[in-house]
DNA sequence: AAGACGGGGTC
DNA sequence: GACCCAGTCTT
């Protein structure tokens, strides 16, 4: 038994977080929380988690829901493939496991959206199995504690080995939560509270003065800015939305028709039965609004909203699905954050 | 092995 | 504005 584990288990009992809504929620709640917590912080997740559990209190109700309703509850969280995978996994559990969350690590790992770390977290927290996790928090804690630098695959392999070597033989759920809570509240990326750390005395980075440089930040590439135009086609209180393809940005979500430039937007409109784009004064019916920037992981979008009021509702005949929706209803639908902002602006 | 995939928080 | 965060999936 490592001294490391003993110390952080004691720390967890005294200083860890014990009131998170998914603690003692069973495998389903722990699974849901772990998926939401991928790349997303606790304070952001909590309201989403509570709403989700209130709407889908068990795996069966989640499996029976439409993907539409699941994504609507996920709207604003980002990484929407997580929501789609969660829904797919719920259907698999309903079909293959009678709606009961599987008990074995190998079965859990097979489910869509669950990788090595999440499967281990569920097994440790829900089933008290002795398994190592390695998420962003644990990577930071162990990189510092062990003094590992780098970002390569070999570095990750070493961290996994250490994560397994340091596991205790008891209190595995407490230990797992301790690693996450320490990373979130003590061993932060900047200005970590080393003076309050239970393993300061044996932390390699602390003892060698390398806290600030570990873990090694991965080299960032400069991200490109792309222009695009959103068409806000309005008929009274109704707006035309289209369903985005499953793969790619905002997969499966509803969004205004999007174009690379004004010319593509106008020629698309020309194919629809909405009359001339010139009014009786010979001026364009398209009204451009100030653009705004939306940042993704790997590029930025400079979005120009273009409003066009129409007297009738043209029906696009593309392969992609379109729908005319009341603006207030649209705000409750499966839409990404910039679309939500635009809709709220219309009110 | 590297790139794709969101959004909010922090400094 | 740059950087970070309870990763997984695709290519």
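Here, each number is a calculation from the coordinates, and none is a lab measurement. Keep in mind the model is a prediction, meaning the values are calculated, not measured. Note that each Cβ is placed from the backbone with ideal geometry, even for glycine, and that neighbours are counted across all protein chains shown.
Going by average Cβ neighbours within 10 Å, how do the peptides A:217-225, A:298-306 rank, with the highest at the top? Display every interim value, and only then the final one.
Values: A:217-225: 7.9, A:298-306: 16.3.
Answer by packing, highest mean first, reads A:298-306, A:217-225.
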Antiparallel DSSP beta bridges within chain A, percent to nearest 5: 65 percent
Contour excess over end-to-end distance, with Cα ends at residue A:190 and residue A:61 and 0.36 nm allotted per residue: 42.3 nm
Within a Gaussian network of chain A (alpha carbon springs, distance under 10 Å), most fluctuating of A:74, A:22, A:268: A:268
Residues A:325, A:256, sorted so that the one with the fewest Cβ neighbours within 10 Å comes first: A:325, A:256
Contact order relative to length of the range A:88-168, as percent, for alpha carbon pairs under 8 angstrom and 6 or more apart: 20 percent
Acute angle (nearest 10 degrees) that the helix A:81-96 long axis makes with the longest principal axis of chain A, alpha-carbon atoms: 70 degrees
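Restricting to Cα pairs below 8 Å that are 6+ residues apart, what does the relative contact order work out to for the range A:214-347? Please round to a whole percent. Please list the in-between numbers first.
On the way: 203 pairs, mean separation 44.9, N = 134.
Taking the mean separation of contacting Cα pairs over the length of the range A:214-347, I get 34 percent.
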q = 0.14, 0.19, 0.23 Å⁻¹, the range A:1-111: log10 I(q)/I(0) [Debye, one scatterer per Cα]: -0.63, -1.00, -1.31
Degrees separating the helix A:116-127 axis from the principal Cα axis of chain A, which is the longest one: 60 degrees
Antiparallel bridges, percent of DSSP beta bridges restricted to the range A:194-347 (to nearest 5): 65 percent
Value of [θ]222 nm, deg cm²/dmol, for chain A, DSSP H segments ≥ 4, -39500 (n - 2.57) each, nearest 500: -13000 deg cm²/dmol
Tensor-based shape of the range A:16-66 (alpha-carbon gyration tensor, a/c under 1.5 rounded, otherwise prolate or oblate): prolate
Debye equation applied to the C-alpha atoms of chain A, log10 I(q)/I(0) at 0.06, 0.14 Å⁻¹: -0.30, -1.14
Normalised contact order of chain A, rounded percent, pairs of Cα under 8 Å and 6 or more residues apart: 18 percent
With 10 Å bins from 0: P(r) over the range A:77-161, alpha-carbon pairs, percent: 16, 38, 31, 13, 2
Taking A:133, A:249 and counting other C-beta atoms within 10 Å, the order from fewest to most: A:249, A:133
Most mobile listed residue (A:263, A:318, A:14) in chain A, GNM with C-alpha springs under 10 Å: A:318
Cβ-based exposure ranking for A:123, A:255, in which fewest neighbours within 10 Å come first: A:255, A:123
Modelled FRET efficiency - R0 35 Å, residue A:210 with residue A:294, Cβ distances, 0.05 increments: 0.45
